[in-house]
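Below you'll find the structure, written out as structure tokens, and then a few comments.
Every number here is computed from the coordinates shown, using simple stated rules; none is lab data. Nothing here was measured: the structure is a model prediction, and the numbers come from that model. Positions of Cβ are backbone-derived with ideal geometry, glycine not excepted, and every protein chain shown enters the neighbour counts.
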């Protein structure tokens, strides 16, 4: 078993860059990711904790659970910690080899009854099998917008009746005044967590061509169009949101 690497403080964008390259989930980011995500996304720890609590309620015995875009496995491990059902298989999928390798060390170090498999693959290419819970935690925003409805449709098709999708995303707003206010509040949140103006600016530039975000209305319409009978926004802070989408019992 490989030793778990200690968490490092995020300083990826702390020095002036001659050219800011597009953001990638490479080894440099993996080394600081836990610090980066907690200092950048308001309420992230609460979202992860709630995913675990939702797992208690919705996972069905002898079924699969998918964490699509699992990164370092925070949601995967929350599910494993809280899952009370027998015969459950948790499958984490991420397209970053560096993320997958580090995630595997975390999973290997955590004991639990549920089997966990971490796979390096593109979620748009993966054929899901019948499952009772799927997690898309700040993942869809990095997927080609033309593929997003197809992915949600495929998740809905494989969810068992009563199954749950949790989807968390950064969002934008059609009202320009509201959008400017919430972006400013988010940037202040990052400053309050120790990021400099340079770091905030360079990180924003790095994500500009990589993270293509939707409005909350687009997110909810996509879920309803797929067939989900219950769609509920349960978390909101600044321009970050999370929904639960439940497949009705009447679907075969």
_Relative contact order for the chain: what percent, with Cα pairs under 8 Å and sequence separation of 6 or more?_
21 percent
_Reduced Cα scattering model of the chain, Debye log10 I(q)/I(0), q = 0.11, 0.17, 0.18 Å⁻¹_ = -0.59, -1.41, -1.56
_Step by step: find N for the stretch 56-105, compute 2.2 N^0.38 Å, then divide the Cα radius of gyration by it. What's the final number?_
1.15
*Which value in Å is the Kirkwood Rh of the stretch 27-70 over different Cα pairs?*
12.5 Å
_Helical contribution to [θ] at 222 nm, DSSP H n ≥ 4, -39,500 (n - 2.57), averaged over the chain, rounded to 500_ = -13000 deg cm²/dmol
*Can you grab the distance from the C-alpha centre of the stretch 106-170 to the C-alpha centre of the stretch 69-97, Å, no decimals?*
10 Å
*Relative packing of 171-182, 46-57, which averages over residues the other C-beta atoms within 10 Å, highest first*: 46-57, 171-182
_With bins 5 Å wide starting at 0, give me the P(r) of the stretch 116-170 over every alpha carbon pair, in whole percents._
4, 18, 29, 29, 16, 4, 0
*10 Å-binned pair-distance histogram of the stretch 1-79 (Cα, whole percent)*: 14, 39, 29, 14, 3, 0
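How large is Rg over Rh for the stretch 1-138, taking Rg from the Cα atoms and Rh as the Kirkwood inverse mean of 1/r across Cα pairs? Before the final figure, lay out each step's value.
Working: Rg = 15.6 Å, Rh = 15.8 Å.
Here the Rg-to-Rh quotient is 0.99.
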*In what sequence, highest mean first, do 88-101, 206-219 appear when ranked by Cβ atoms within 10 angstrom?*
88-101, 206-219
